[in-house]
Amino acid sequence: MRTATRMIATLVVVSLFAGGTLAFIYRWARPKIEAHEKELLGQAIFNVLPGTKEYEFSEKNGVVIYQCEDASGNLVGYAFVAEGGGYQDKIKIMVGLKTDLETLGGIEILYSRETPGLGGKIATEDVLQPVAETFTEQFRELQVSLPIEYVKGKKPEAPNEIQAITGATISSRSVVKIINEMVAKITGILKEQEEE
């Protein structure tokens, strides 16, 4: 009986110590993690809308929209985060939309846990030679006046087409779907805002 009590007491003390240590580390690291995430978000905004020197954000209908300006204060476009389901987990994408609301400045994958070597290629690697250096590079200057479409096994022909990654069609399709849905939502919000 004494041995069992001592064992339980030891486990409780060790558990309390481990839990307290984890809580302390979490509180210590959380501000640093948030600052790093904010820095990465800012870098992504500059990448998806080249020429951006500063940005301000506003929230409309539960969506954060970054209004991006060049060094002279001229509007370059709008950046926003699009998020949706991929093959294995969610995919989070920073999207840059130019002022005409019909052309993408570019995209950057912020978060993805797709299958390494297949769907993971949406964020890395030069898988589409000679069409583009990377999957995301295809979205630069892509027309979105019509929904984006993907093609498999051939070069894109229309101004709203991109080439899917061989072996990662689901991830490619997911990225296209996420962007199409969010671009439609954002353009609706921005056009409504212009009318006010």
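The values are calculated or read from the model by the stated rules, or taken from the named source; none is laboratory data. On a predicted model such as this, the values are computed, not experimentally measured, just so you know. FYI the Cβ positions are ideal-geometry reconstructions off the backbone, even for glycines, and counts take in every protein chain you see.
Here are the numbers:
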{"read-out": "Residues of the stretch 154-178 satisfying the condition of being modelled with pLDDT of 80 or more and either assigned to a loop (DSSP other than H, G, I, E, B) or in contact with a Cys (Cβ under 7 Å, 6 or more places away or on another chain) (or both)", "value": "Lys154, Lys155, Pro156, Glu157, Ala158, Pro159, Asn160"}
{"read-out": "Among the candidates Asp100, Asp89, residue that is of a type in the set (Asp, Glu), at pLDDT 85 or above and surrounded by fewer than 18 Cβ atoms within 10 Å (Cβ to Cβ)", "value": "Asp100"}
{"read-out": "Residue in the stretch 42-64 that is among the basic types (Lys, Arg), modelled with pLDDT under 95 and over 20 Å from Ser174 (Cα atoms) present", "value": "yes"}
{"read-out": "Meets criteria (of a type outside the set (Phe, Trp, Tyr), part of a helix (DSSP H, G or I) and farther than 30 Å from Arg140 by Cα) for Ile45", "value": "no"}
{"read-out": "For Phe135: the one exception among (1) in contact with a Leu (Cβ under 9 Å, 6 or more places away or on another chain); (2) surrounded by fewer than 19 Cβ atoms within 10 Å (Cβ to Cβ)", "value": "(2)"}
{"read-out": "Residue in the stretch 65-86 that is modelled with the lowest pLDDT, counting only those that are under 10 Å from the mean Cα position of the chain (by Cα) and closer than 20 Å to Arg140 by Cβ", "value": "Ala82"}
{"read-out": "Residues being surrounded by 14 or more Cβ atoms within 10 Å (Cβ to Cβ) and either under 17 Å from Ala79 (Cα atoms) or touching a residue at least 24 places away in the same chain (Cβ under 8 Å) (or both) - total across the stretch 150-180", "value": "17"}
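To keep it simple, each residue is scored yes or no on (1) among the polar types (S, T, N, Q); (2) surrounded by 10 or more Cβ atoms within 10 Å (Cβ to Cβ); (3) within 16 Å of the chain's Cα centre (by Cα).
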position: Leu11; (1), (2), (3): no, yes, no
position: Ala18; (1), (2), (3): no, yes, no
position: Thr21; (1), (2), (3): yes, yes, no
position: Ala29; (1), (2), (3): no, yes, no
position: Lys32; (1), (2), (3): no, no, no
position: Leu40; (1), (2), (3): no, yes, yes
position: Ala44; (1), (2), (3): no, yes, yes
position: Val48; (1), (2), (3): no, yes, yes
